[in-house]
Amino acid sequence: MTTKTGHCLCGAVSFSAEDVSGHHHACHCGICRRWSGGPGFAVPVGKVEWQGEEHIGRYASSDWGERGFCKQCGSGLFFRFVSKDEYYINAGAFADDSDFQLVGEIYVDEQPPGYRFSDGLQRMTGDEFLAMLGESAD
């Protein structure tokens, strides 16, 4: 685990994140796909410090989650589990993602046809993923 930095497209928002594992999942849920135009790739982090926080917009995408974006350029920045205050920062927002590793796929029950990742990745349905986190879709 390490500390990494990053920023939005225009640079109005930047961050420093600690305990960045670099292991992430491709999320096929309808919300991630609608938000990003494809599967979501977000990296769990421990602590995150934001600069330019006044430029961060927040959207409650579910009862248990919110998404953050730059109000200036629209870049997606993070997903946050509200009840646990856990941040998952969009992989593309990091200045250096060269050591990140895709380890699995979540919400495979919502994955549209037309694309497939390499075999050997852990695959979980939405319910399986939420159960692992101790959350519920209700």
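Compare the peptides 95-107, 10-22 by average per-residue count of other Cβ atoms within 10 angstrom and give them in order, highest first.
Averaged packing, sorted descending, gives the order 10-22, 95-107.
If you place +1 on the Cβ of every Lys and Arg and -1 on the Cβ of every Asp and Glu, how big does the dipole about the Cα centre of the stretch 2-130 come out, in debye to the nearest 20?
It comes to approximately 360 debye.
Does anything in the stretch 1-24 have its amide N under 11 Å from the 7 Å Cα→Cβ label point of LYS47, and if so which residues?
Flagged as within label range: 17-19.
Starting from the 7 Å offset along Cα-to-Cβ, what nm value, one decimal, do you get for the label separation of MET132 and SER36?
1.5
As an exercise, use a Förster radius of 25 Å and the Cβ-Cβ distance of GLU54 and THR2 to find the FRET efficiency, rounded to the nearest 0.05.
Plugging the Cβ-Cβ distance into 1/(1 + (r/R0)^6) gives 0.35.
Before anything else, pin down the relative contact order of the chain: Cα pairs under 8 Å, at least 6 apart, normalised by residue count, whole percent.
Reported as a whole number, the value is 25 percent.
Only the coordinates and a few stated rules stand behind these numbers; no lab work does. Source: prediction; values computed, not measured. Cβ: placed from backbone, ideal geometry, glycine included. Neighbour counts: every protein chain shown.
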